[in-house]
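Single-structure report; data block below.
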Amino acid sequence: MKIEMSHLAYNKPDIQLPFFTKGSLWGCEFAYYIYQDGNIIKKEWYAELTQDSHIRFQPIYSGTYQIRLFIRKKGTLLYNELSTKLHLDLGSGQTIEANFPNEAVFYSDVPVKYLFQPAKTKSDHLIISFSGLYSTEFKGGAPVYNHIRTLAPVDAHKLFILDSYQDQFCYYVGFGGSHDFERSVVSLITTIANQHNISPQNIIATGSSKGGAASLYYSMKYHYGKAIIGAPQVYIANYLYRRANSESMKARFNRILGEDSQYGMQFWNGLILNQVNVNTTFPELYFHVGKGDFHYAEHLQPLFKKLDQKEVPYTLDLADYEEHGDTGLYFTPFLLKKVTELVQEKNEV
């Protein structure tokens, strides 16, 4: 008997698993398990296999679904295979494509794509990598993960989070001050940290440019222990306005601002500085920037002034380059060196 199983599919309101058999079905039975986020949520025991047999069920919750199909003939197991994964966001009624090996989707207010790499040995550190903003994203291109290879030598738990919300970037927050994407990201981080017994003090937020803005914002707001920040945007709305020089980018900029553009400008320009204003405790802050990069004068120096006024300590690595586009070249070795120091420092205590 020849058995073929197609990709798991969503045909609203049902998830379906098409499968086909060639040969005599006499004495054949089929059974299946339904998985949600890697856990079995339903078992259907063996029933007679006919030409009309099918697998179809209606999901109630968002999640990553799979089905394991069993086929036996006269008690002998002929087939035991797991279907492809189906990432389903019922809030939008859409499936989510996973384009990177081992990429997963976390479901909360909104879905969040991520990669998690557990430590090879026992570790009490979690490194979070927030992605920067690529020029292709201004034109509708897909976001990418950052620093996977850079952080590969570091033996700690690593969480790479993609900034992809309704097919565009949102600075890991949301549109128009909604914070819905942010709530999902925080839930993901908290879930991973709790699963591996990581305290907030041992969470290291990292990233450059947009990722630097996110690592600064999240580490201050959620009281993570440390942040390694490369050339971040502090006045985010001003930066995006400066980059909105095409119709495609203008549309994305307007979505981020929200319906009330005046409020949106104030919200995004004050997002990080407001955390400085309201915080009474701060993470260990490690900054990197090129001294000729406009981010130093326009974004970091105003931030440093506020930090100095509150006597908040920080470290600055001021490198000799001018173009913001060169940040990755110089930030990468700084990131690896600093993360390695912080992880080893804790292990040696």
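Only strands (runs of 3 or more DSSP E) whose full extent lies in segment 40-102 are considered here, and the ones with at least 3 residues that are within 20 Å of Met5 (Cβ to Cβ) are 63-73, 76-82, 86-89. Checked against (1) within 34 Å of the chain's Cα centre (by Cα); (2) assigned to a strand (DSSP E or B), Glu29 meets all criteria but (1).
Say we look at segment 258-291 and pick out the residues that are within 14 Å of Leu316 (Cα to Cα) and not charged (D, E, K, R); which of these is surrounded by the most Cβ atoms within 10 Å (Cβ to Cβ)? Let's see the steps before the verdict.
Going through segment 258-291, the residues within 14 Å of Leu316 (Cα to Cα) turn out to be 284-291.
Now drop any that are not not charged (D, E, K, R), which leaves 285-290.
Values: Leu285: 21, Tyr286: 23, Phe287: 23, His288: 25, Val289: 28, Gly290: 23.
Among those that are within 14 Å of Leu316 (Cα to Cα) and not charged (D, E, K, R), it is Val289.
Please verify whether Leu88 is within 21 Å of the chain's Cα centre (by Cα) and either more than 30 Å from Leu188 (Cβ to Cβ) or open to solvent by less than 60 Å² (accessible area, probe 1.4 Å) (or both), treating the condition exactly as stated. Yes, satisfied.
The set of residues in segment 166-178 being modelled with pLDDT of 95 or more and on the phi > 0 side of the Ramachandran plot consists of Tyr171, Tyr172, Gly174.
Out of segment 61-82, which residues are touching a residue at least 12 places away in the same chain (Cβ under 8 Å) and over 11 Å from Phe30 (Cα atoms)?
Within segment 61-82, the subset touching a residue at least 12 places away in the same chain (Cβ under 8 Å) is 61-74, 78-82.
The answer is Tyr61, Ser62, Gly63, Thr64, Tyr65, Gln66, Ile67, Lys74, Glu81, Leu82.
Inside segment 292-330, residues that are under 27 Å from Tyr145 (Cβ atoms), in contact (Cβ under 8 Å) with a residue 12 or more places away in the chain, open to solvent by 10 Å² or more (accessible area, probe 1.4 Å) and not in a loop (DSSP other than H, G, I, E, B) make up a count of 10. Does Asp37 count as open to solvent by 30 Å² or more (accessible area, probe 1.4 Å), among the charged types (D, E, K, R) and under 30 Å from Tyr114 (Cα atoms)? Here the answer is yes, as Asp37 does meet what is asked. When each of Glu97, Glu103 is tested for being acidic (Asp, Glu) and either under 22 Å from Arg252 (Cα atoms) or crowded, with 20+ Cβ neighbours inside 10 Å (or both), the lone residue that passes is Glu97.
Can you find a residue in segment 4-20 that is assigned to a strand (DSSP E or B), more than 26 Å from Lys74 (Cβ to Cβ) and among the hydrophobic types (A, V, I, L, M, F, W, C)? Give the derivation first.
Let us first name the residues in segment 4-20 that are assigned to a strand (DSSP E or B), namely 4-5, 9-11, 14-16, 19-20.
From what's left, more than 26 Å from Lys74 (Cβ to Cβ): 9-11, 14-16.
The next check asks that each one be among the hydrophobic types (A, V, I, L, M, F, W, C); those that pass are 9, 15.
Within segment 4-20 (the criterion being assigned to a strand (DSSP E or B), more than 26 Å from Lys74 (Cβ to Cβ) and among the hydrophobic types (A, V, I, L, M, F, W, C)), the answer is yes, since at least one residue qualifies.
Selection of segment 113-138 for residues being open to solvent by less than 40 Å² (accessible area, probe 1.4 Å) and closer than 19 Å to Gly225 by Cα yields Ala119, Ser123, His125, Leu126, Ile127, Ile128, Ser129, Phe130. Scanning segment 48-60 turns up no residue that is hydrophobic (A, V, I, L, M, F, W, C), under 30 Å from Cys28 (Cα atoms), over 26 Å from the mean Cα position of the chain (by Cα) and open to solvent by 40 Å² or more (accessible area, probe 1.4 Å). Determine whether Thr76 is over 21 Å from the mean Cα position of the chain (by Cα), farther than 30 Å from Val343 by Cα and either open to solvent by 40 Å² or more (accessible area, probe 1.4 Å) or small (Gly, Ala, Ser) (or both). When the stated conditions are applied, Thr76 passes them.
The values are calculated or read from the model by the stated rules, or taken from the named source; none is laboratory data. Here the structure is a predicted model, which is why all the values come from computation and not from measurement. Backbone-built Cβ (ideal geometry, glycine too); neighbour counts: all protein chains shown. Note: areas computed on protein heavy atoms with side chains; ligands, DNA, RNA excluded. Shrake-Rupley method; radii C 1.70, N 1.55, O 1.52, S 1.80 Å.
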